[in-house]
1. Output the residues belonging to region 485-510 that are assigned to a helix (DSSP H, G or I) and polar (S, T, N, Q).
2. Kindly list the number of the only condition in (1) surrounded by 15 or more Cβ atoms within 10 Å (Cβ to Cβ); (2) of a type in the set (A, V, I, L, M); (3) at pLDDT below 95 that fails for Val341.
3. For Asp261, indicate whether it is among the charged types (D, E, K, R) and either at pLDDT below 95 or part of a loop (DSSP other than H, G, I, E, B) (or both).
4. Just for region 176-220: of the residues that are among the charged types (D, E, K, R) and touching a Lys or Arg at 6+ places or on another chain (Cβ under 8 Å), which one is surrounded by the most Cβ atoms within 10 Å (Cβ to Cβ)?
5. Take the residues of region 264-303 that are basic (Lys, Arg) and in a helix (DSSP H, G or I): which is surrounded by the fewest Cβ atoms within 10 Å (Cβ to Cβ)?
6. Restricting to region 515-538, give me the number of residues that are closer than 9 Å to Ala556 by Cβ and of a type outside the set (Gly, Ala, Ser).
7. Any chance you could count how many residues in region 103-120 are touching a residue at least 12 places away in the same chain (Cβ under 8 Å), farther than 25 Å from Gln166 by Cα and among the acidic types (Asp, Glu)?
8. Would you say Asp194 is in contact with a helix residue (DSSP H, G or I) (Cβ under 9 Å, 6 or more places away or on another chain), more than 16 Å from Arg126 (Cα to Cα) and of a type in the set (Asp, Glu)?
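The values are calculated or read from the model by the stated rules, or taken from the named source; none is laboratory data. Every value quoted in this text rests on a predicted model; they were computed, and no experiment measured them. Every residue, glycine as well, gets a Cβ built from its backbone with ideal geometry; the counts of neighbours run over all protein chains shown.
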Amino acid sequence: MIPLLFFVKPCTRCGALCRSSPLGYTSPMDTPQVRALHWADETAEKIIREKGRPSKDHYTCASGITPSGTVHIGNFREIISVDLVVRALRDRGEKVRFIYSWDDYDVFRKVPLNMPDRENLEKYLRFPITMVPDPWGRDESYARHHEVDVETVLPLVGIYPEFLYQSKKYRASKYAGGIRRALEHRGTLKNILDRYRDGDHKIQGEWWPVSAFCDNCNRDETDIDGWDGEWKLSYHCNACSHKAQVDIREAPGIKLGWRVDWPMRWDYEQVDFEPAGKDHHSQGGSFDTARHVCKEVYGWDPPVSFRYDFIGIKGTPGKMSSSTGKVIGLPDVLRVYTPEVARYLFAGTRPNTEFTISFDLDVIKIYEDYDKTERIAWGDEKPKDQALFLREKRIYELSQVTGGGIDAMPVPKPYQVPFRHLCNLIQIAEGNIDKALEGIKKNGAGSGPPPREEQIPPLLARCRCAKYWVEECAPEEFRFRLRSPGETPGDLGEKELTGIRLLRDRVVAEIGGFDGDKSCAEAIYRCAEEAGLEGKELFRAAYQVLIGKDQGPRLANFLRTVEQDRLMAILAGY
């Protein structure tokens, strides 16, 4: 593990350099103390150590993707990984430029399966993506449509990069110098690319580090014929037989190949940090070659990096891919997880660890884990030691959309209502969120007071996620509907009917007299014993009477949650 300096601000209570917590934990900082808070902090320290210079004005952190189809949640892992490192750098008082490159001058190679108007899109194969029309008719191009979808949703999770559009850069000949340098060093580039290849896969014959989009038919089905040693490049098109000699300082269609383009832009933008997926970071992969190209051809030290792993989706077979149409995007995740919990999924997992985003019953567990981290961070639950407190608090800080930095907690303090309980409330209210919130606003959710008015908006956001999950994702055994008065199950025996009557008269009728779920559950078991039933037999009968199923929510809590008049009306016929 990389040693870290634990950076903090002077304590607002005593003025000393310490880190205080509501639990009484402190970390004196009169002398530098080594402490690893989080993998983003580790990376930030590495960037400062390897890239920091006395004249360094700011650090540049980069990410990017080709908008060849729907941007899936696996792509988002790179974006948020960079965002977390950017926040860690800023927490150390560093200035950071966070750039996100849209590689929209890449070739349109394949029509993804989830695209409309596929027949028309196929006419634009081998065009630059930015010249493919938007099949939805919303934006000026196919590429721009997918860019807008991402640019619109990122602020919801507190991510604000500077977007760079490679089509504009290339068409404006911003990279003319980098292109010429690649042409001047094409022998070196060829040797670098062949360095990790065996004999059968080494570059054969004449090779050029550039390609050309034909300025007659716009396709990239061209061959380079020659270079004059300065700025003129000749090519011919195999698709339309067009021939041309162009000046790379003016021609919009000349482009570097991927393994040269990437390191060229590291030098152009002076990139200090950029992660990459495990496929790029494999031995001899594109990151290895780009690292050598960056240093040996362009003279820029390659950026600090790390490998991030794939993300799985529970219940969806196969690896996510924009080219097949089997994709889950960030908007899909945000229908189930609030922005803070969505960030928590990534902030709480090291990037080189593969993990699964669930849409099944695990959703409840993920919310419970987040809530526990939140309680620890706020001092409402004491962890086993100081190290755990510091780790959980840092994860919580990085999970917040506002990005206030070290020791900055969200305002107001969130009002916790367990996700499972919210799901039950929403089903009791037949999907009406406002009705589900009425009881919480009046009586609270547990032993504490009701939420304050300013705590309602984030609670409402969680309610919307609960409603969507229950109605669209939850397994059938989790869902329920309260029976209407007069609906009676026909398979109850005499003992069960007796138990239901006792439950109605001694529990539901006196529901306001219980001080919690435990005392209510004890009363339920007494009813079962008096009726000559096992506890589980009365539970089954109660669920059948109330929701028409053999199982359901925890009965004591359920009875204390549903309006008493409504329960009595259902049970009146027994």
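1. Thr498, the sole residue that qualifies.
2. The number of the failed condition is (3).
3. no
4. Of all residues in region 176-220, those among the charged types (D, E, K, R) come to 180-181, 184, 186, 190, 194-195, 197-198, 200, 202, 206, 215, 219-220.
Pick out the ones that are also touching a Lys or Arg at 6+ places or on another chain (Cβ under 8 Å) and you get 194, 219-220.
Numbers: Asp194: 15, Arg219: 23, Asp220: 21.
The residue in question is Arg219.
5. Across region 264-303, the extreme among qualifying residues is Lys295.
6. Initially, region 515-538 is screened for residues closer than 9 Å to Ala556 by Cβ, giving 516-524.
Next cut, of a type outside the set (Gly, Ala, Ser) only: 517-518, 520, 522, 524.
Result for region 515-538: 5.
7. 1
8. Yes; evaluated as a whole, the condition is true for this residue.
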